Amino acid sequence: MDKVDAKSFFIGDNIDTQNMNFCVFFEYSINRNYVKYGELSLLNTFVELGGMSHNFDLVCHSMHYSTCPIAGFNKSSVEKFLFLDGVNDHIVFTNICGKE
């Protein structure tokens, strides 16, 4: 695999990708969620996403890491990297983690 330029995942120059340890991309798959939740699947996903992102922040801070939730990401670049089609599977949010 070629080296990945994490800067291409985020919009703007204010994300310090050199010092982040890792980032988490949250995926929404309409095919898997719609069967279970019907028309409320996207709404339910956003509610669950908020809880997961908040827990991610709490766990990282308890281990003395800093986090940053980010909605400004390059959706098409990330989905291409993760082999998602962008039609049925979407990246909807991301968090980064690192030491200050």
Next on the checklist: Where the second residue is part of a helix (DSSP H, G or I) and of a type outside the set (Phe, Trp, Tyr) and the first is over 20 Å from MET52 (Cα atoms) and in contact (Cβ under 8 Å) with a residue 60 or more places away in the chain and lies in the stretch 66-85, which pairs have Cβ atoms under 8 Å and are six or more apart or on separate chains?
Outcome noted: ASN74/SER8; SER77/SER8
Next on the checklist: Tally up the residues in the stretch 31-67 that are surrounded by 11 or more Cβ atoms within 10 Å (Cβ to Cβ), under 22 Å from HIS90 (Cα atoms) and over 17 Å from the mean Cα position of the chain (by Cα), please.
Outcome noted: 6
Item to check | Scope the stretch 68-84; condition open to solvent by 50 Å² or more (accessible area, probe 1.4 Å) and hydrophobic (A, V, I, L, M, F, W, C); matching residues | outcome: CYS68, ALA71, PHE81, LEU82, PHE83
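Yes or no: the stretch 1-11 includes at least one residue that is in contact with a helix residue (DSSP H, G or I) (Cβ under 8 Å, 6 or more places away or on another chain), within 23 Å of PHE83 (Cα to Cα) and surrounded by 15 or more Cβ atoms within 10 Å (Cβ to Cβ).
Scanning the stretch 1-11 turns up at least one residue that is in contact with a helix residue (DSSP H, G or I) (Cβ under 8 Å, 6 or more places away or on another chain), within 23 Å of PHE83 (Cα to Cα) and surrounded by 15 or more Cβ atoms within 10 Å (Cβ to Cβ).
The values are calculated or read from the model by the stated rules, or taken from the named source; none is laboratory data. Everything numeric here is computed off the predicted structure, so don't read it as measured data. Here the Cβ is made from the backbone with ideal geometry for all residues, glycine too, and neighbour counts use every protein chain on show. Protein only, heavy atoms only, side chains kept; ligands, DNA and RNA dropped before computing areas. Shrake-Rupley method; radii C 1.70, N 1.55, O 1.52, S 1.80 Å.
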